[in-house]
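Below is one structure, written out as structure tokens; comments come after it.
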Amino acid sequence: MQTALCKTLGLDYPIIQAGIGGAAGPELAAAVSNAGALGTLTLTGDGREGSRRRIAALRDLTDRRFATNVILAYDVEAELDAMAEAKPPLVSLFWGDPAPHVERFHAIGSKVMLTVGSVEEAKRAADAGVDMVVAQGWEAGGHVRGRVASLALVPAVVDAVAPLPVIAAGGISDGRGLAAVLALGAQAALVGTRFLASREANTHRAYRAKVLAATAADTVYSKLFDGGWPGAPGRVVRTDLVAAWEAAGQPEPGRRQGEGQVIARDDDGSPIERYQAVTARREIEGDIESLPLWAGQGVGLVKREQGAAEIIEEMVGEARAAMARGAELTGS
């Protein structure tokens, strides 16, 4: 199962693992790439030396192509410097203007991808010279760029930036979703929530349990978890903390219960406050269920813990079956 983008990126399958915050480490990215899809290593917050170490660790685990990801809303100059030194095959950017970075990475042979949430942003990205765009639908987990669902957004972006390749994101958790976005004109699917329950993801066991138990109706889109990233909306699994905030009338920052309270600590001992935008990684200790448990509306299709390679194999098989059913229905 290959598209033109697969050939460009050297992939066996049109699946790209999303940069799911601190959950996307070298182990997950390598497992995805080794399985014939494209793994992504998230580097935001790692600095220059941390990024160098993590890229080196990834390269020790795979000789396949991969992407490195940063969020431009933060100060990531050090991370970008480390990426430029490492010359990754693909640079994945989110939440910002790619224009200042495109020429730099093209000069070293890296391709550049930007995640967008609207047709207008996709056009600006194309004008800036990116090699591909991710059209992120509102169903997506984690921080969400736009307010349009994938079914409407993806074909509109495909039409707006053709012949630039478009990758679809948001709510894609099985092979039927993969087949659907390929039918919409996307050349690959960006998958995040499904990989949260992969064995290689750096997710806390309590986080995994919530993901495996949740349905689409259990996710909430809001600006509740704004600590460290003010004003950025995101989608999480509803927890007792989220439900209490909803029951209180969704109070604004400054009026929320328990603001400033330390509810967990990272492995280096640094405090994590209530409403802080973090990822519930294995090494965090404390009140895990009061952290933002990022997940998209496709979470209801995530049924069990699996290895990344098994997830990819299963999705590809389901996509092929869905395409075959479609061919039968149309008589082609």
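The values are calculated or read from the model by the stated rules, or taken from the named source; none is laboratory data. Note that this is a predicted model, so its numbers are computed, not measured. Ideal geometry is used to build each Cβ from the backbone, glycine not excepted, and the neighbour counts take in all protein chains shown.
Regarding Ser33, is this residue over 28 Å from Glu305 (Cα atoms), among the polar types (S, T, N, Q) and assigned by TED's automatic domain parsing to the domain that holds Val191? It is false that Ser33 is over 28 Å from Glu305 (Cα atoms), among the polar types (S, T, N, Q) and assigned by TED's automatic domain parsing to the domain that holds Val191.
Hey, any hits in segment 271-293 for a residue that's of a type in the set (Lys, Arg), at negative phi and modelled with pLDDT under 95? Spell out the reasoning first.
Initial filter on segment 271-293 (of a type in the set (Lys, Arg)): 274, 281-282.
Filter again for at negative phi, leaving 274, 281-282.
Subsequent filtering for residues that are modelled with pLDDT under 95 retains none.
No: zero hits.
Among all positions in segment 194-210, there is at least one residue which is of a type in the set (Asp, Glu), within 28 Å of Leu43 (Cβ to Cβ) and modelled with pLDDT of 95 or more. The criterion of at least 2 residues that are in contact (Cβ under 8 Å) with a residue 40 or more places away in the chain and within 16 Å of the chain's Cα centre (by Cα) is met, among helices (runs of 4 or more DSSP H) falling completely within segment 139-206, by 175-183, 193-196.
I need a count of the residues in segment 166-218 that are touching a Cys at 6+ places or on another chain (Cβ under 9 Å), farther than 19 Å from Ala29 by Cα and surrounded by 24 or more Cβ atoms within 10 Å (Cβ to Cβ).
0
For segment 77-98, residues that are over 17 Å from Arg145 (Cβ atoms) and touching a residue at least 12 places away in the same chain (Cβ under 8 Å) total 14. If I filter segment 105-136 down to residues being surrounded by fewer than 24 Cβ atoms within 10 Å (Cβ to Cβ) and among the hydroxyl-bearing types (Ser, Thr, Tyr), which single residue comes out as nearest to Pro155 (Cα to Cα)? Among residues in segment 105-136 that are surrounded by fewer than 24 Cβ atoms within 10 Å (Cβ to Cβ) and among the hydroxyl-bearing types (Ser, Thr, Tyr), the one nearest to Pro155 (Cα to Cα) is Ser118.
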